[in-house]
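The values are calculated or read from the model by the stated rules, or taken from the named source; none is laboratory data. Just so we're clear, the structure is a prediction, and the values are computed from it rather than from any experiment. Note that each Cβ is placed from the backbone with ideal geometry, even for glycine, and that neighbours are counted across all protein chains shown. Just so you know, the surface numbers come from the protein's heavy atoms only, side chains and all, with ligands and any DNA or RNA stripped out. Shrake-Rupley method; radii C 1.70, N 1.55, O 1.52, S 1.80 Å.
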Amino acid sequence: MTKDREAAARALRAQQELLGTCTDCSLCEGRTQVVFGVGSPVADLLFIGEGPGFNEDKLGEPFVGQAGKLLTELLAGIGLAREDVYIANVVKCRPPGNRDPLPVEIEACSPKLMEQIRILRPRVVCTLGRFATRLIAQTDAPITSIRGRAKAAEVAGVPVLILPVFHPAAALYTPANKAVLEEDFQKLRVLLARGQDALGQDGRKQGAVPARPVSQEAATGGALDDGEQLALW
Ligand code: URA
């Protein structure tokens, strides 16, 4: 199924308008505005972060602060711009003082994210950090043990490849994590190509993504180290 850009853009606008007055959890009390999401309505690649911070709450757009700058840089490193992808968060309103979102807040907000996924129909979902990974990949595994490893799953009824990576903020505090993020972002290019093989033209899964690791060279023309393989979990 070819994605209908106009229809998807319309559906996202309608959802955004509806959510502008959301009072489904107490985060509405401290927010400046709902930070809905940004990017291409037909993006094949969806990034999901944790929740808006100070800058995002003020500007109404996800990842516009320091972590956002790094995300934009990481994207440029794989030849993509913010406009080529879609960026959203687990919760759409800023937790006070940038604290972690509470389970009750995630529960209230996740149906909105699922609706966005149904509209966007991405092929690849990159979860930024532990909150998005836990929600989307349905796992309690520590992010350190599964980052950079892809998983085929159905999310909100949409067959996707999930790639958990460190949250960009982790590289602001620990610079060594930046190299890890750069390495994992290279895998996104492989997965985008592979998503097209694994999912048919109509966007439905053609059976499981092959359990065998895919040769990086075959998928990327050798952009990654020779012999390195991209494992599924
Ligand atoms: N961190 C997030 O997880 N999301 C944002 O939008 C900004 C920073």
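Each residue of segment 18-30 in turn: what ³J(HN,Hα) in whole Hz from Karplus with 6.51, -1.76, 1.60 and θ = phi - 60°, glycine and Pro shown as x?
Taking θ as phi minus 60°, the curve returns 4, 7, x, 10, 4, 10, 6, 8, 6, 5, 5, 5, x Hz for segment 18-30.
Sort 105-115, 163-173 by packing, meaning the average of other beta carbons within 10 Å per residue, with the highest value first.
163-173, 105-115
Is the C-alpha gyration tensor of segment 1-67 telling us rounded, prolate or oblate? Criteria: a/c under 1.5 is rounded; beyond that, a/b larger than b/c is prolate, otherwise oblate.
oblate
With a sphere of radius 13 Å drawn around the Cβ of E29, what net charge do the other residues whose Cβ falls strictly inside it have (Lys, Arg +1; Asp, Glu -1)?
Spelling it out: positives minus negatives among the neighbours equals -1.
Checking the table K3/K178; K58/K112; K3/K187; K3/K58 against a 29 Å threshold on Cα-Cα, which pairs fail?
K3/K178; K3/K58
How large is the accessible surface per residue of segment 60-155, computed with a 1.4 Å probe and reported in Å² as a whole number?
41 Å²
Give me the one-decimal nm value for the distance between modelled label points at A14 and E29, 7 Å along each residue's Cα-to-Cβ direction.
Between A14 and E29, the simple spin-label model gives 3.3 nm.
For a quick check: with amide H placed at 1.01 Å from N, whose amide H comes under 5 Å from V90's, ignoring anything fewer than 5 positions away on the same chain?
G49, E50, G51
Please work out whether segment 77-181 counts as rounded, prolate or oblate from its C-alpha gyration tensor, where a ≥ b ≥ c are the square roots of the eigenvalues and a/c under 1.5 means rounded, while otherwise a/b larger than b/c means prolate and anything else oblate?
rounded
Over the heavy atoms of K3, what accessible area does a 1.4 Å probe trace out, to the nearest 10 Å²?
Rounded to the nearest 10, the figure is 70 Å².
Within a Cβ distance under 11 Å of N177, other residues only, what is the Lys/Arg minus Asp/Glu net charge?
Its environment carries a net charge of -1.
What is the percent carbon and sulfur in the accessible area of segment 7-129, measuring with a 1.4 Å probe over the protein chains and ignoring ligands?
Answer for segment 7-129 is 53 percent, counting heavy atoms of protein chains only.
How do 77-90, 6-19, 51-64 rank on mean C-beta neighbours within 10 Å, highest first?
By packing density, highest mean first, the sequence is 51-64, 77-90, 6-19.
Report D for segment 1-146 in µm² per second (integer): Stokes-Einstein, Kirkwood Rh on Cα pairs, 10 °C, 1.306 mPa s.
103 µm²/s
Sort T72, T144 from largest to smallest accessible area, using a 1.4 Å probe on the heavy atoms of the protein chains.
Accessible-area ranking of T72, T144, largest first: T144, T72.
What does the C-alpha gyration tensor say about the overall shape of segment 75-123? Classify as rounded when a/c is under 1.5, otherwise prolate if a/b is larger than b/c, or oblate.
oblate
Can you give the extra length, in nm with one decimal, that the chain gains between E115 and A179 once fully stretched, where that is 0.36 nm per residue apart less the Cα-Cα distance?
This chain segment gains 19.7 nm when fully extended.
So between K3 and Q66, what do we pick up on full extension, going 0.36 nm a residue minus the alpha carbon distance?
19.4 nm
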